[in-house]
Structures are given as C-alpha cells and as structure tokens.
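Colleague: Just passing along the structure, written as structure tokens.
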Amino acid sequence: MPIYEYEVCEGGCKVCGGKFTLRRPLSAAPLTKCPACKKPVRKLLSTFNSPKAVSISDAKKAGFTVLKKVSKGEYERQ
C-alpha cells in the first residue's frame, strides 16, 4: 500500500501540524480534506526510499547486464 504525503492548503491544523502522511490503497478516492480538521489538502510529491546503493558485483550476481560507457552512444559489457 503506497504512502501519500499531504499538506493543508490554507492555514494550519492543530492536530496534524499542517502536514501528514497516510497509507492508502491505489483504489481509494483522492483525499481532499484533512481527516482531523476537514480543511482542504493537496498531495505532495514524494521521493522514493531505496534500501541501499547496489554495487556492480551485486548487480551482476542478481543477473543484470552491467555496461560501461566507451564513447558517445557506445557501451560495452563489464
């Protein structure tokens, strides 16, 4: 289930502080009001969470083809 971030459009909310996050199914209708104060809200753009950086050796072990840039528009396998 995705996590969505919201902020109150006008003023603030004493309960949520003006920003809050919710887990909502993809099939749920868009949230238009703060569940606490009922003021209008807007959805914020969020970044995704990546567990860790992947090394070249980890990528190869996982079955990915790792390419190295040789020149403009040319790549070769590593």
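Colleague: In whole percent, what relative contact order does the chain give with Cα contacts below 8 Å and a gap of six or more residues?
Modeller: So the answer I get is 26 percent.
Colleague: Give the lysines reachable from LYS33 as a straight Cα distance under 22 Å; neighbours fewer than 8 places away on the same chain don't count.
Modeller: Here the lysines satisfying the reach criterion relative to LYS33 are LYS14, LYS19, LYS43.
Colleague: How large, in percent, is the carbon and sulfur part of the accessible surface of the chain at a probe radius of 1.4 Å?
Modeller: Taking all protein chains in place, the chain shows 55 percent carbon and sulfur surface.
Colleague: Under 10 Å, Cα contacts only: if you run a Gaussian network model on the chain, which one of LYS61, LYS33, LYS43 comes out with the highest mean-square fluctuation?
Modeller: Looking only at LYS61, LYS33, LYS43, the biggest GNM fluctuation is shown by LYS61.
Colleague: Mean residue ellipticity at 222 nm from the helices of the chain, using -39,500 (n - 2.57) per DSSP H segment of n ≥ 4 over the full residue count, to the nearest 500 deg cm²/dmol?
Modeller: So the helix-based figure for the chain works out to -1500 deg cm²/dmol.
Colleague: If you take the Cα Rg of the chain and divide it by 2.2 N^0.38 Å, with N the number of residues, what do you get?
Modeller: 1.84
Colleague: Still on this structure, please answer the following. So what J values fall out for the range 21-29 if you push phi through Karplus, 6.51 cos²θ - 1.76 cosθ + 1.60 with θ = phi - 60°, rounded to Hz, Gly and Pro as x?
Modeller: 10, 9, 8, 9, x, 4, 7, 6, 5
Colleague: Mind checking which lysines have their C-alpha under 26 Å from LYS60, skipping anything on the same chain fewer than 8 residues away?
Modeller: Within the straight-line cut-off, LYS60 pairs with LYS52, LYS68, LYS69, LYS72.
Colleague: Could you give the dipole magnitude of the chain about its Cα centre, charging the beta-carbon of Lys and Arg +1 and that of Asp and Glu -1, in debye to the nearest 20?
Modeller: 120
Colleague: With every protein chain present, what is the per residue accessible area of the chain (1.4 Å probe, Å²)?
Modeller: 86
The values are calculated or read from the model by the stated rules, or taken from the named source; none is laboratory data. Model, not experiment: these values are computed from the prediction. Neighbour counts are summed over all protein chains in view; Cβ atoms, including those assigned to glycine, are modelled from backbone coordinates with ideal geometry. Surface accessibility is based on the protein's heavy atoms, side chains included, excluding ligands, DNA and RNA. Shrake-Rupley method; radii C 1.70, N 1.55, O 1.52, S 1.80 Å.
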